Structures are given as C-alpha cells and as structure tokens.
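See below for the structure under consideration.
The values are calculated or read from the model by the stated rules, or taken from the named source; none is laboratory data. This is a predicted model, so every value here is computed, not measured. Because the Cβ atoms are built from the backbone with ideal geometry, glycine has one as well, and the counts that use them run over all protein chains shown. The area values use the complete protein model at the heavy-atom level, side chains included, leaving out ligands, DNA and RNA. Shrake-Rupley method; radii C 1.70, N 1.55, O 1.52, S 1.80 Å.
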Amino acid sequence: MSSRGLVVLADGAQAAFCAGVVAQLTASGRRWGEAAAAGLAAQVALLALAGEAEEAARRFLRLAQEGAALFRPALAYAREGLNEGFLLLPDPFRLSGWLSPAALGEYLAPETALAGRVKLWLCTEDLASGQRGWRELTHGGRLSEAAAFPWGFPPAAGLWGGVGACAELDFPPLSSPEVDVVCGFPWPAVERPGLGNALLATVQRREEIAAALTVTRWAGQRSGLQVFAPTQEQYAAFTRRDGALLGVEYPLPVEHNAELVSLMVEFGRFVGAQQGG
C-alpha cells in the first residue's frame with residue numbers, strides 16, 4: 001500500500017479542477033493508500049483510491065459534453081414536467097435545494113459499489129445536532145451526504161457536507177506522513193469582484209473562504225503537506241491571456257456552463273503537471 005495520503009476538497013463544479021489534478025498526478029506515478037474528502041470531490045478521491053483517477057476526469061468531460069446537466073437548477077427539471085404556458089414560482093423558503101438531488105444520486109450511482117472497499121473519510125455535518133466530523137465511507141449513501149452543500153444540493157437524511165463543513169475540524173485522521181491536498185477553490189482565497197450581494201453567490205463565497213483558511217491552518221500545523229489549488233499566477237500561465245483574473249473568471253460551485261467545466265479539468269491537469277513533477 002502507498003504511504004501517501006490524499007485530501008480532496010471541492011463543492012459542485014469546482015470538483016472538475018480536482019479531477020484534472022488527481023488524474024495528472026496519477027499519470028506521473030503517484031498512488032494513495034488512504035484519503036479524505038469534502039463535497040463532490042468525494043467522488044474524485046474514491047476513484048483515485050480505486051485506481052481510476054483518470055475515470056474521474058473523463059466523467060467531468062462527459063458531463064461537459066452533456067451541457068453540465070448535473071448542475072442545472074432543480075427548477076429547470078421541474079419546468080420540464082409542466083406543460084408550456086405555466087409559470088413556476090416556488091416559495092424559496094420551501095425549496096429544498098438549488099440543484100437536483102435526483103441528478104446527484106444518478107451521477108454518483110456507479111461509485112456506490114466502492115463504498116467500504118477503500119479507506120476514505122468524508123466530512124459531514126448533522127443539521128440536528130450541529131456536530132461536524134470525519135466519517136468513514138461505509139455505505140454509498142454517504143457520498144450524497146458529503147456532496148450536499150449550502151445553496152447547492154440539499155441535505156440527505158439530515159446530513160450535508162461541502163467544503164465549509166471542514167472549517168472547524170482538525171486535519172483528517174490519516175496516518176500517512178506525506179499528504180497531497182487538492183482544493184477546488186482558490187488558495188489562498190482571492191477577491192471576487194462583481195459578485196454583488198446575491199445570496200447564492202455570497203454564501204458559496206463564504207464557504208470557499210472558510211475552506212481556504214482551514215487549509216492554511218492545516219498547512220501551518222503539519223509538515224509533509226503539498227497543496228494543489230487554483231492560484232492567480234498559475235491561472236495566468238494556463239490561459240496565456242493578458243488580464244486573466246482568477247477571481248473574476250473562476251466559477252463558483254453551481255456553475256453549469258459546460259465549457260467552463262471542461263476547461264477546469266484541463267486547468268487541473270496543468271497545475272498537477274506544474275507542481276507534481
């Protein structure tokens with residue numbers, strides 16, 4: 001078994017970046033014997049432990065070809081079930097989530113059979129007790145719990161995860177002395193000019209800031225961590241465009257622009273190649 005550990009943190013569409021990084025690291029010969037994850041990145045970590053890191057990247061590229069349907073708003077699916085001419089005006093206080101839990105379940109279905117076969121810890125929060133922690137993946141349902149995040153996929157069975165749930169936690173219970181930490185959000189956090197005060201964007205911005213600060217805390221407490229994350233310098237080098245700004249162009253987790261999802265996989269490969277040797 002490999003002595004390296006892997007931590008992958010990303011909500012929603014930002015997991016596409018992580019899939020690119022991990023696939024590139026695998027291509028360069030890295031292997032992991034244990035892992036921890038938060039958000040939709042749990043799928044990336046699970047496939048990496050199973051020796052299928054490239055499949056995670058292919059899944060996101062296929063998702064891009066399908067128009068990033070996983071990240072379509074739940075209301076878009078609801079409208080498809082209505083006859084033309086009806087105006088759908090849901091009560092936002094009763095809307096269970098911005099994205100579709102049915103679409104999430106279908107997307108994660110192929111990976112549920114791997115639950116319990118690898119050493120993977122997932123970050124979740126109990127919405128009744130408020131307790132947060134790292135829970136070992138023992139059944140497939142925990143993938144959906146970990147992937148749920150505020151103003152994204154709704155909680156499953158009273159539990160959700162997402163990168164923000166890591167904010168108060170210690171480093172995952174991994175025994176490996178050397179750990180690769182792959183973040184789907186910018187690290188260090190970057191300014192996001194132009195977002196305004198829209199609730200959906202502001203909440204997700206808050207989650208990624210909290211997660212970035214958490215990674216900074218972990219890095220200061222532990223040696224042997226190598227962090228892979230979007231940075232302004234690497235983004236400028238990747239795009240080869242004057243004036244390319246990570247804080248403006250890098251998407252939030254609910255982005256359902258297929259072209260951007262595909263681009264993030266390639267950006268992740270670029271970062272993995274630059275840092276992974």
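Within region 230-250, restricting attention to residues that are outside any helix (DSSP H, G or I) and closer than 18 Å to Gln14 by Cβ, which residue is most open to solvent (accessible area, probe 1.4 Å)? Spell out how you get there, then give the answer.
Within region 230-250, the first condition is being outside any helix (DSSP H, G or I), and the residues that meet it are 230-231, 240-245, 250.
So of that shortlist, the ones also closer than 18 Å to Gln14 by Cβ come out as 230-231, 244-245, 250.
Numbers: Pro230: 0, Thr231: 31, Ala244: 6, Leu245: 87, Tyr250: 8 Å².
Residue satisfying both the conditions and the ranking: Leu245.
What number of residues in region 136-150 are surrounded by fewer than 22 Cβ atoms within 10 Å (Cβ to Cβ) and within 18 Å of Ala211 (Cα to Cα)?
Applying the first criterion (surrounded by fewer than 22 Cβ atoms within 10 Å (Cβ to Cβ)) to region 136-150 yields 136, 138-141, 150.
Adding the requirement that they be within 18 Å of Ala211 (Cα to Cα) leaves 150.
Counting residues in region 136-150 that are surrounded by fewer than 22 Cβ atoms within 10 Å (Cβ to Cβ) and within 18 Å of Ala211 (Cα to Cα) gives 1.
May I ask you to verify whether Leu6 is touching a helix residue (DSSP H, G or I) at 6+ places or on another chain (Cβ under 7 Å), open to solvent by less than 30 Å² (accessible area, probe 1.4 Å) and not in a helix (DSSP H, G or I)? Step through it out loud before you land on a result.
Details: touching a helix residue (DSSP H, G or I) at 6+ places or on another chain (Cβ under 7 Å): yes; open to solvent by less than 30 Å² (accessible area, probe 1.4 Å): yes; not in a helix (DSSP H, G or I): yes.
Against the criterion (touching a helix residue (DSSP H, G or I) at 6+ places or on another chain (Cβ under 7 Å), open to solvent by less than 30 Å² (accessible area, probe 1.4 Å) and not in a helix (DSSP H, G or I)), Leu6 qualifies.
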Can you find even one residue in region 213-225 that is outside any helix (DSSP H, G or I), in contact with a strand residue (DSSP E or B) (Cβ under 8 Å, 6 or more places away or on another chain) and surrounded by 15 or more Cβ atoms within 10 Å (Cβ to Cβ)? yes
Of the residues Gly97, Gly133, Gly116, Gly105, only one is assigned to a helix (DSSP H, G or I) and open to solvent by less than 60 Å² (accessible area, probe 1.4 Å); which? Gly105
Per the filter on region 181-205, residues in contact with a helix residue (DSSP H, G or I) (Cβ under 7 Å, 6 or more places away or on another chain) and not in a loop (DSSP other than H, G, I, E, B) are Val181, Val182, Cys183
Residue pairs meeting the criteria (Cβ under 6 Å; at least 6 apart or on separate chains; first under 18 Å from Val265 (Cα atoms) and of a type in the set (D, E, K, R), in region 167-184; second buried (at least 22 other Cβ atoms within 10 Å of the Cβ) and modelled with pLDDT of 95 or more): Asp180/Leu6
Which residues, counting only those in region 151-178, are crowded, with 24+ Cβ neighbours inside 10 Å and outside any loop (DSSP other than H, G, I, E, B)? Trp160, Val163, Gly164, Ala165, Cys166
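Got a sec? Which of Leu75, Leu82, Leu88, Leu61 is more than 16 Å from Glu145 (Cβ to Cβ), in contact with a Ser or Thr (Cβ under 8 Å, 6 or more places away or on another chain), modelled with pLDDT under 95 and surrounded by fewer than 21 Cβ atoms within 10 Å (Cβ to Cβ)? Write out each step before concluding.
Numbers: Leu75 fails: in contact with a Ser or Thr (Cβ under 8 Å, 6 or more places away or on another chain); Leu82 fails: in contact with a Ser or Thr (Cβ under 8 Å, 6 or more places away or on another chain); Leu88 fails: in contact with a Ser or Thr (Cβ under 8 Å, 6 or more places away or on another chain).
Criteria check complete, one pass: Leu61.
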